[in-house]
Amino acid sequence: MKKSWHLVVTGTLAMGLLAGCGSTQQTSGEKNSASPAAKTAQVNLKATVLTDDLETFKSAYAEFSKENPTIQVQFETIPQAQYYEKLRLQLSSGEDIDLVGGNMDVFLDTGILEPLDDYIKKENIDVSGYGPLYDSLKVNDKVYGLPYRKSNWMLFYNKTLFDQANVAYPKADMTWNEFRELAKKMTKGEGANKVYGAFLHPWAQTWYMQGVQTGASIIDKDLTPFKKGLQFRMDMEKDGSIMGWAEQITTSAHYNSAFQKGNVAMNLIGDWHVAQLRQAETEKKISFDWDVVPVPHPEGVAANTSLATPVSLMVNKNSKHKEEAFKVLQFMTGAKGAKQFAAKGFLTGYVNDEIRKIYIGDGSMKPKNIHFFVEQKEYPEYPLLPGVKNILVNNVYKQEGEMALTNAETVDQAIQKIGQRVEKEWADKYAKDFKAGKK
Amino acid sequence: MKDSSRALRRNRITGYTFLLPNIIGFLIFICFPVGASFLMSFTEWNGFGDIEFAGLSNYIRLWSDETFRISLLNSLIMTGVSVPVTLLLAILAAVALNKGLRGVKIFRTAIFLPHITATIAVAVVWQLLYNPTMGPINGMLRSLGIDHPPTWLASTQWALISVIIVSIWHSIGYYMVLYLAGLQGIPKDLYEAAEIDGAGKVSQFRNITLPMLSPVIFFTIIMGIINSFKVFDLVFVLTKGGPGRSTHMLVYDIYYTAFQRFEYGYASAMAYVLFAIILVITLIQFRGQKRWVNYS
């Protein structure tokens, strides 16, 4: 008797769940088809954006709605770890999301991105504010999204440690070899009191960066420019001036907590670290002084040559209100939106003198030399094509890099293996259909 | 006669009505996805646009997929090592803890505890234990005079073994409880009779305990193999398949293919190969069981 009741209860629960799903879908469908008819002027849009950007989008939207009172935008987010996974599932099940934020390359293979070239022409948008980024974002000669912000690499350093060691601060124009020597000079102590000259997060970017700085791309046929960077990371590990890869992995060491701990002299990481350090400062978690300088560069490459990843806003091809959606996109990615993002400390895709000034601020906030960020010559961190990030950066480069870092392969073997796997696991599938418009 | 058959039918209808919600749930949430993914394994689909029929190409592609080959090999090694060791240790623990020794309950709980602890917590604790420089494992090894102990999870040679050790530790308790239940079910008089006949402890274990326990052993071998092939969470938290691809396992590869590469058809094909492997191994065991499993 007990068992059958149990069944009835679970059964009804299951049915209830089903019914629940069904009915919500119905109402959401109704809302969308009914509301434009009911209030002709009002248009409701839905946008899904990255968690870190949600607040800024909302405040920028407040500005936007003053100009466009008839366009309602509901901003939503998904936690970082599942962002792309879940958003893709939502989009593939046909959910009404008009605007999508994030790394454009993740959505290219879905075919749901609306090409924006016609809109840009029609609205006569001045794209010079995006600089070379505008062209490098093109895929198959089309624009599928515009960047509202970007992540650039920089070298953070702990001024207090340099003062204590009586060593001159890192120079704005520094080669990788000079960086290595400086890191050696700053390394001292043992065990718990150890001071590391530098911290290189276990991402593949921290070593393949050196190749990209010379203009190479991680999908190139010839990957020899990347050997140096991998060897360099291993050499620094041998020097003892950075935390070893094995220790980083097993202690889940993180660039943010590592640098905040105060025993890392130089931290090679992205501009978002500025916000993390500012927050730590307001929460009184750190007491040392810090600043930024351009990332070190290979011999023969101009100083302040860095890597950048644009974060874009895109329009869903299946949106019922593409015109209005583009209006929002135009605002957010253009000068007006950029002002809002720059004021919050984000590097923006669109840049002009006014935005540069807002970003740099009045000097009351650290870092003192934040201006380096807006003076960078930048290469895309990886080609903005489908699969490159998930297959190549996060797997092939990471895995084979690890083989070298654990001495299971030599650097030559690892790079050779990467070349083979790029061909087999990525190029065979995507290289034919997608070409980046890199100039 | 008529009355009784009608009553029987009515009973049946009532019975099935009670079962209906569950059957519907099973059809919708289990049967349908299983069938759909089988069909999907013959297609190419990234979640958007048209589903392209791909014939057997997904299955053919598996043969030349190096990551899949590595994952398959890792899964086979994991199963080959962890299942026998887990079951052997579980049986020894069960026999030792079957007697009413002092504090037996504490030991039973201690061995069972890892099984009911969240995998994430288990993984985090083992990460600390495995720490090559500050971890207690290497601390002990160094004090025993080993100058260069392995770097465990950070070594391509040791990572798989490290994962296997955690998995064994994690699952012994579960199988021990099953064996304990089996041991309790063996009639005492068998041992008494054997003792009167002059059989020693070892011979009692071999000739009474093992045969009487054989149905449980059979069950645990099958479950052990299935669970071992299915391992995902432990790998995901401990190593993410690394370093390199040294702990890439089948289910992790399926996850990576479906949700990082967005190749649903290809991932389904992998899942069906996994299904086929488990099916074949289980069928072989069911055939072989007649020779050694004692159901009397």
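The values are calculated or read from the model by the stated rules, or taken from the named source; none is laboratory data. Treat the numbers as computed from the prediction; the structure is a model and nothing was measured. Heads up, the Cβs are rebuilt from the backbone with ideal geometry, glycines too, and the neighbour counts pull from every protein chain shown. Just the protein is used for accessible areas: all its heavy atoms, side chains included, with ligands, DNA and RNA removed. Shrake-Rupley method; radii C 1.70, N 1.55, O 1.52, S 1.80 Å.
When segment B:132-146 is limited to residues that are touching a helix residue (DSSP H, G or I) at 6+ places or on another chain (Cβ under 9 Å), surrounded by fewer than 18 Cβ atoms within 10 Å (Cβ to Cβ) and modelled with pLDDT of 85 or more, the one that is farthest from the other protein chains (Cβ to nearest Cβ) turns out to be B:I146. The condition (being β-branched (V, I, T) and farther than 23 Å from B:I168 by Cα) is satisfied by just one residue among B:V235, B:V280, B:V216, B:V251: B:V280.
Surrounded by 22 or more Cβ atoms within 10 Å (Cβ to Cβ) and part of a loop (DSSP other than H, G, I, E, B), is that true of A:I218? The answer is yes for A:I218. A:E181 fulfils the conditions (1) over 26 Å from the mean Cα position of the chain (by Cα); (2) within 14 Å of another protein chain (Cβ to nearest Cβ); (3) acidic (D, E) except for a single criterion, (2). Here A:G197 qualifies as outside any loop (DSSP other than H, G, I, E, B), of a type outside the set (S, T, N, Q) and touching a residue at least 60 places away in the same chain (Cβ under 8 Å).
Of all residues in segment B:1-59, exactly one satisfies the criterion of being out of contact with any Asp or Glu (no Cβ under 8 Å at 6 or more places or on another chain), open to solvent by 100 Å² or more (accessible area, probe 1.4 Å), within 22 Å of A:L91 (Cα to Cα) and not hydrophobic (A, V, I, L, M, F, W, C), namely B:D50.
Within segment A:403-428, the set of residues being of a type outside the set (S, T, N, Q) and open to solvent by 70 Å² or more (accessible area, probe 1.4 Å) comprises A:D412, A:K424, A:D428. In this entry, B:V166 passes the filter for residues that are under 23 Å from the mean Cα position of the chain (by Cα) and either under 17 Å from B:A93 (Cα atoms) or open to solvent by less than 20 Å² (accessible area, probe 1.4 Å) (or both). One residue alone among A:Y157, A:Y134 is part of a strand (DSSP E or B), among the aromatic types (F, W, Y) and under 30 Å from A:K339 (Cβ atoms), and that residue is A:Y157. Here A:A41 fulfils each of the conditions (1) more than 14 Å from chain B (Cβ to nearest Cβ); (2) part of a helix (DSSP H, G or I); (3) open to solvent by 40 Å² or more (accessible area, probe 1.4 Å) apart from (2).
Does B:T109 satisfy being polar (S, T, N, Q), at pLDDT 90 or above and under 18 Å from B:A93 (Cβ atoms)? Taking the combined requirement at face value, the residue does not satisfy it.
Of the helices (runs of 4 or more DSSP H) lying entirely inside segment B:174-277, not one is found with 2 or more residues being open to solvent by less than 50 Å² (accessible area, probe 1.4 Å), touching a Pro at 6+ places or on another chain (Cβ under 6 Å) and more than 14 Å from chain A (Cβ to nearest Cβ). Cβ separations smaller than 8 Å between residues 6+ apart or across chains give the following pairs from segment B:19-38 residues that are at the interface with chain A (Cβ under 7 Å from one of its Cβ atoms) to residues that are loosely packed, with under 13 Cβ neighbours inside 10 Å: B:P21/A:T12.
Just one of the listed residues (B:L88, B:L101, B:L129) is surrounded by fewer than 19 Cβ atoms within 10 Å (Cβ to Cβ), part of a loop (DSSP other than H, G, I, E, B) and either within 13 Å of chain A (Cβ to nearest Cβ) or not β-branched (V, I, T) (or both), namely B:L101.
When restricted to residues that are assigned to a helix (DSSP H, G or I) and at the interface with another protein chain (Cβ under 8 Å from one of its Cβ atoms), segment A:397-416 contains 6.
Which one is farthest from the other protein chains (Cβ to nearest Cβ), of the residues in segment A:238-287 that are among the aromatic types (F, W, Y) and crowded, with 22+ Cβ neighbours inside 10 Å? Top of the filtered list is A:F259. Name every residue in segment A:261-289 that is in contact with a Leu (Cβ under 6 Å, 6 or more places away or on another chain) and assigned to a loop (DSSP other than H, G, I, E, B), in order of residue number. The one that is in contact with a Leu (Cβ under 6 Å, 6 or more places away or on another chain) and assigned to a loop (DSSP other than H, G, I, E, B): A:D271.
Look at (1) under 30 Å from B:P150 (Cα atoms); (2) crowded, with 19+ Cβ neighbours inside 10 Å and you find that A:V388 fails only one, number (1).
A single member of B:F262, B:F232, B:F205, B:F286 is at positive phi and either at pLDDT below 95 or acidic (D, E) (or both), and it is B:F262.
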